[in-house]
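Taking it in order: structure first as structure tokens, then the write-up.
The values are calculated or read from the model by the stated rules, or taken from the named source; none is laboratory data. Quick caveat: nothing in here was measured; it's all calculated off a predicted structure. Cβ atoms come from the backbone with ideal geometry, glycine included; neighbour counts cover every protein chain shown. Heads up: the accessible areas ignore ligands, DNA and RNA and are worked out on the full protein's heavy atoms, side chains in. Shrake-Rupley method; radii C 1.70, N 1.55, O 1.52, S 1.80 Å.
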Amino acid sequence: MTREDFDAYVPYVVADYASRTAAAGVTSLDEAQLRAHNEFSRLLPQGLETPDNHLYMITADGEASPIGRLWYALRGSADNRYAMILNMEVDAAHRGRGYGKSVMRACAASALTNGAKGLRINLLGEDTENRRLYESLGMSPMSILMNWDLTAMEQHLVEGRTEPRRSA
């Protein structure tokens, strides 16, 4: 990724992460935007030169422009080093052509070269399309955080019922 690519990527990835975080119900969009900006600044304090971070523009033969982006960071101790994918996206017009699998394999090869023993990614909400991609490559869930929105259940719980009353 060039400096010019990075400068265009920053506002894009911050807005994208905030939007996906809010859509997953983690927080409001306003709060998600603030968190995304702060998180990005924390994760890449030196921009492209931040140690152990690898940022790429995804290219494809026959395409004049990049077709996506990849960012992963090396984490963990020397004996348990892993690569954490922080952003991987193939543009919508190029999905379904095997680019996602190719990018993941290239990422795994790069991570291995850099000493990683594993590759991880965090999915937000019901990201079934990407989950299928990662599972097809042999990835498996490490933990699943689930949420029960109790705002609709509040009165029912106070009344001692676990199910809302059904109207006749």
How many residues are part of a loop (DSSP other than H, G, I, E, B) and either in contact with an Asp or Glu (Cβ under 9 Å, 6 or more places away or on another chain) or loosely packed, with under 14 Cβ neighbours inside 10 Å (or both) if we restrict to region 112-124? 4
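Condition check ((1) over 25 Å from Ala36 (Cα atoms); (2) surrounded by 10 or more Cβ atoms within 10 Å (Cβ to Cβ); (3) touching a Phe, Trp or Tyr at 6+ places or on another chain (Cβ under 7 Å)) across all residues:
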site: Ala78; (1), (2), (3): yes, no, no
site: Arg97; (1), (2), (3): yes, yes, no
site: Ser102; (1), (2), (3): yes, yes, no
site: Ala106; (1), (2), (3): yes, yes, no
site: Ser110; (1), (2), (3): yes, yes, no
site: Asn130; (1), (2), (3): no, yes, no
site: Glu135; (1), (2), (3): yes, yes, no
site: Met142; (1), (2), (3): no, no, no
site: Leu145; (1), (2), (3): no, no, no
Across region 125-139, which residue is farthest from Asp79 (Cα to Cα) among those that are assigned to a helix (DSSP H, G or I) and of a type in the set (D, E, K, R)? Glu129
Go through region 39-51 and report how many residues are loosely packed, with under 12 Cβ neighbours inside 10 Å and in contact (Cβ under 8 Å) with a residue 24 or more places away in the chain. 0
Please state which one of Ala64, Ala23, Ala36, Ala15 is open to solvent by 80 Å² or more (accessible area, probe 1.4 Å), in contact (Cβ under 8 Å) with a residue 12 or more places away in the chain and among the hydrophobic types (A, V, I, L, M, F, W, C). Ala23
Is one or more of the residues making up region 67-75 open to solvent by less than 20 Å² (accessible area, probe 1.4 Å), hydroxyl-bearing (Ser, Thr, Tyr) and on the phi < 0 side of the Ramachandran plot? yes
